Amino acid sequence: MTDIRATLRARLDAAVGSDQVLTAAPDVAPYVTDWRGRYHGRAFAVVRPADTEQVSNVVRACADLGVPIVPQGGNTGQCGGATPDERGNAIVLALSRMSRVRAVDRANATLTVEAGMPLALVQEAAANEGLMFPLSLAAEGSCTIGGNLSTNAGGHAVLRFGNTRDLVLGIEVVLADGRIWDGLRGLRKDNTGYDLKHLFIGAEGTLGVVTAAVLKLYPAPRARATALAAVADVTTAIRLLLDLKQALGDRITGFELMSAYSLALSRKYHPALPDPCPGSAWYTLIQVDDNAPDGDVSAQLERALQEGLESAIMTDATIAQSSDQARALWALRENIAEAQRRDGPNIKHDISVPVSAIPRFLDDAARELGAAVPGLRFVTFGHLGDGNLHYNLAAPEGIEPESFLGNTARVNHIVYDLVAAHGGSMSAEHGIGQQKREELVRYKSAVELDLMRAVKSALDPAGIFNPGKIFSAAP
C-alpha cells in the first residue's frame with residue numbers, strides 16, 4: 001500500500017502540480033464533509049485539476065492503480081453524493097478551478113462552460129449576452145454547473161424550462177480509462193444513434209467525470225411579475241395553477257407551494273421578511289415572465305388573481321410592486337430550508353408525485369405519520385407546478401433530537417410507500433447519493449436495477465467512479 005500511495009502521489013503531482021494535490025488535514029477537511037454536516041469521510045488527497053487534460057491524466061493514474069475517484073463541484077448536495085467514504089483510499093477530484101467560459105454562440109443561443117463554474121456565474125455570462133440561462137435554485141451562488149448536471153438539478157423554473165437535462169445540448173466527459181469523449185455539440189437535432197449525454201447527466205459522477213457542457217440559452221425576460229396568493233388548501237392551489245396556465249400560458253415560470261408553518265419558520269429566523277397575507281393555511285408563490293417588449297404581465301397577472309378572488313379560489317393575494325418586494329417574497333420561500341436547519345432536527349424528503357395526486361398524498365401521509373409519531377410538525381413546500389415537494393418533518397415539541405431521528409427509517413418507509421402508491425418518485429431533484437441508495441433498491445424494479453447495473457459495468461467496470469453512491473458497491 002505504501003508503494004501504491006507513493007506512486008499515486010508522484011503521478012498526481014505530475015498531472016496537476018504538487019501544489020494542487022492537497023493532503024494536509026486542514027486542507028482536506030472542507031472536501032470530506034457535506035455542507036449539512038451529515039456525511040463525513042476521509043481521502044488520500046484532494047486533487048484540483050485546471051483543465052480536461054489534467055482530469056484525464058488523474059483518472060488514468062487512478063485507473064492504473066485501482067484508486068477510487070469522488071468528483072466534487074460546489075459540495076452543496078443534499079444526499080452525500082460528493083463525500084468520500086471512511087476508508088480513506090479515494091481521491092476527491094475537485095473541479096472548482098475549471099470555471100471558464102469556453103464559447104458563446106448568440107446566434108445558436110448556446111453557452112459552453114466548464115464544469116466547475118458556479119451556477120450564478122453561468123447565469124451572469126448568459127445575461128452579459130442579453131440572454132438567460134433559466135436554471136435557478138437557492139444554492140446557485142456556490143453550486144457548480146457540473147454538480148447540477150450530476151444530479152439533474154431542478155429548481156424554480158422547471159415548470160417552464162424543464163430540469164437541467166432539458167437545458168443541455170452537449171457535454172465533455174472523461175471516461176474510466178482516462179479517454180476524453182468530446183460531445184460538445186450545440187445541436188438541437190442529432191439522431192445519430194444513442195444520445196449518450198443522458199447517461200452521464202443525473203449519474204452523480206458514477207459513470208464518468210463531466211468536464212464541460214453546452215447549455216441552452218433563452219431570451220432574457222423584459223417584464224416580470226411576482227405574487228403571493230393565499231389559498232385554503234392544496235386542491236384550490238392546483239385549481240389556481242390551472243386557471244393561471246389558461247390565462248397566462250407558458251409565461252408562468254414558477255409556481256411554488258408553501259404551508260403556513262413553513263412560512264412562519266422562515267420568518268422566525270428572518271424577522272425582516274414580509275407577512276403579506278396572514279391567516280391562511282397554504283400559500284403559492286407565482287412568477288410570470290414575458291419576453292415581449294410591450295408585455296404587461298403585472299396587469300395580466302393582477303386580472304387573473306382578481307378572478308381567483310372573485311371565484312373564491314384564493315382568500316388573499318399581493319403582487320410585488322418592485323424588484324425589492326419580489327426578492328423579499330422569494331426570500332420567504334428560499335429561506336425555509338435554512339430556517340428549518342437552525343430550528344432543530346428534521347427528516348427530509350425530496351419527492352415528486354403527479355400534480356393531481358398531491359392532495360391525496362398529503363392527506364394520507366399526514367394521517368399515517370401522525371399515528372406513527374404523534375405531534376410531528378410538517379414543513380411542506382416545493383415546486384407545485386412540476387409536482388416536486390420538499391416534504392420535511394420536524395420533531396414534536398419537547399422531543400430530544402436523537403430520539404426523534406431514531407424514527408427516520410420508519411418515517412421514510414411510510415412516506416416512500418405512499419409516494420410509490422401515488423405513482424411518484426422518492427427522489428425528485430436531489431439525487432440518490434449515499435442517503436437513498438437502499439431506498440433505490442426497495443422502490444426500483446428488478447429490470448430497472450439490472451439495466452442500471454449493466455450501464456455501470458459497461459462504463460466503469462472497475463468501479464472507480466464515486467463508489468458507494470447510487471449503488472452500495474461497484475458491480
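Sort 453-459, 180-186, 312-318, 422-428 by packing, meaning the average of other beta carbons within 10 Å per residue, with the highest value first. The partial results should precede the final answer.
Values: 453-459: 14.7, 180-186: 16.3, 312-318: 18.0, 422-428: 19.9.
For the peptides 453-459, 180-186, 312-318, 422-428, the packing ranking is 422-428, 312-318, 180-186, 453-459.
Evaluate E = 1/(1 + (r/R0)^6) for Glu397 and Val455, where r is the Cβ-Cβ distance and R0 equals 45 Å; express this FRET efficiency to the nearest 0.05. Walk me through the intermediate numbers first.
Values: r = 47 Å, r/R0 = 1.04.
Calculated value: 0.45.
Gain in length, Ala14 to Ala232, computed as 0.36 nm per residue apart minus the alpha-carbon separation, to one decimal in nm? Don't skip to the answer; put the middle values down first.
Values: separation 218, 0.36 × 218 = 78.48 nm, distance 6.32 nm.
Residue separation times 0.36 nm, minus the Cα-Cα distance, leaves 72.2 nm.
Report the dimensions of segment 275-332 along its three principal axes from the alpha-carbon atoms, largest first, rounded to Å.
Principal extents (Cα only, largest first): 37, 28, 14 Å.
I want to check the label-to-label distance for Thr23 and Ala420. Put each point 7 Å from Cα in the C-beta direction and report it in nm to one decimal.
4.6
Over all directions, how big on average is the projection of the convex hull of the alpha-carbon atoms in segment 2-97, in square nanometres?
5.6
Could you give me the radius of gyration and the Dmax of segment 430-472, taking only the C-alpha atoms into account and expressing both in angstrom?
10.3, 26
Could you give each residue of segment 177-191 its phi-based ³J(HN,Hα) in whole Hz, using Karplus coefficients 6.51, -1.76, 1.60 with θ = phi - 60°, and x for Gly or Pro?
After applying 6.51 cos²θ - 1.76 cosθ + 1.60, I find 9, x, 5, 10, 9, 8, x, 7, 10, x, 9, 8, 10, 7, 9 Hz.
Can you give the extra length, in nm with one decimal, that the chain gains between Val441 and Gln306 once fully stretched, where that is 0.36 nm per residue apart less the Cα-Cα distance? Working shown, then result.
Numbers: separation 135, 0.36 × 135 = 48.60 nm, distance 4.77 nm.
My answer for the length gained is 43.8 nm.
Looking at this model, which pairs from Lys436/Lys456; Lys444/Lys469; Lys197/Lys348; Lys348/Lys436 are more than 20 angstrom apart at the alpha-carbon?
Values: Lys436/Lys456 18 Å; Lys444/Lys469 15 Å; Lys197/Lys348 30 Å; Lys348/Lys436 11 Å.
From the list (Lys436/Lys456; Lys444/Lys469; Lys197/Lys348; Lys348/Lys436), the Cα-Cα distance tops 20 Å for Lys197/Lys348.
Have a look at the chain and give its Rg and Dmax from the Cα atoms, expressed in angstrom.
Values for the chain (Cα only, Rg and Dmax): 23.0, 77 Å.
Rounded to the nearest 500, what is the 222 nm mean residue ellipticity of the chain from helices alone, with -39500 (n - 2.57) per DSSP H run of 4+ residues and division by all residues? Working shown, then result.
On the way: 17 runs with 171 residues, N = 475.
Theoretical 222 nm ellipticity from helices: -10500 deg cm²/dmol.
How big is D for segment 360-475, in µm² s⁻¹ as a whole number, if Stokes-Einstein is applied with the Kirkwood radius of its Cα pairs at 20 °C and 1.002 mPa s?
On the way: Rh = 16.1 Å.
Roughly 133 µm²/s, to the nearest whole number.
Can you list, bin by bin at 10 Å, the percent of alpha carbon pairs in segment 138-191, starting at 0?
P(r) over segment 138-191, rounded to whole percents: 20, 44, 30, 6.
Can you give the FRET efficiency to the nearest 0.05 for Arg327 and Asp294, using r as the Cβ-Cβ distance and R₀ = 22 Å?
Numbers: r = 25 Å, r/R0 = 1.12.
So the FRET efficiency works out to roughly 0.35.
Throughout, read-outs are computed from the coordinates displayed, never taken from laboratory work. Given the structure is predicted, the values throughout are model-derived calculations rather than measurements. Quick reminder, even Gly has a Cβ in these numbers, built from the backbone with ideal geometry, and neighbours come from all protein chains shown.
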